[in-house]
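The structure appears below as structure tokens.
Taken together, the values in this text are just the output of simple stated rules run on the coordinates, not laboratory data. Note that the structure is predicted; figures quoted are calculated from it, not measured. Note: ideal-geometry Cβ built from the backbone for every residue, glycine included; neighbour counts use all protein chains shown.
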Amino acid sequence: MSDGVVRDIPLAALEERYGRDVRQDVSELWLSQQLAASRTTLVCAVRHRGAQRIAGWVAALAEADGVARIAQGQLAAMAGLQRTSVCALLADLAGRGAVRVGRGKVAVHDRNLLLAESCGCAARLDRN
Ligand SMILES: [Zn+2]
């Protein structure tokens, strides 16, 4: 399973400097990070409501200009919800002035409200 992000790790240079075991160490570090992220996602899906998860993902994905460039289908996949549920949850947030929904994007208008609605799990994942 991959998050689609390719990371260039200079394994040859690391191996030259730290020895052969560095490849195993890097692999174990990557695996432990993936397991921690999976655990956080699973716990979030079990313990927190869909509205909390969507608010958190939108807040975490918003770029410097306040826009999260993501389709509702992608948000649904990340939050473990159906797209129609995400559409309804975003409409609720929009109705309360927290966001404005556009095609392939969600503009954050009230970040404090969005964060108050969020469970905070996405922010923890986003930092990793
Ligand atoms: Zn959560």
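I need the GluC sites (Glu not before Pro) found in region 1-77, filtered to DSSP loop residues with at most 13 other beta carbons within 10 Å of theirs. Hits after loop and neighbour filter: 63. Close amide H partners of residue 105, meaning residues 5 or more places away or on another chain with modelled amide H under 5 Å apart, are 70.
Sparsely packed loop sites in region 99-128 (the trypsin sites (Lys or Arg not before Pro) outside DSSP H, G, I, E and B with at most 16 other Cβ atoms within 10 Å) comprise 103. Taking Cα atoms only, the orientation of helix 50-61 departs from the longest principal axis of the chain by about 60 degrees.
So how tilted is helix 83-95 from the main axis of the chain? Cα-based, degrees 0 to 90, rounded to 10. Once rounded, the angle reads 60 degrees. By the beta carbon rule, with partners counted only under 4.7 Å, the chain holds these lone Cys residues: 87, 119. Here the spin labels are modelled as points 7 Å beyond Cα on the Cα-Cβ line, and at residue 84 and residue 35 they lie 3.9 nm apart.
Taking 74, 24, 33 as the candidate residues, the one with maximal mean-square fluctuation in a Gaussian network model of the chain, Cα springs under 10 Å, is 24. Note on the chain: with a GNM built from Cα contacts shorter than 10 Å, the maximum mean-square fluctuation among 61, 42, 11 falls on 11.
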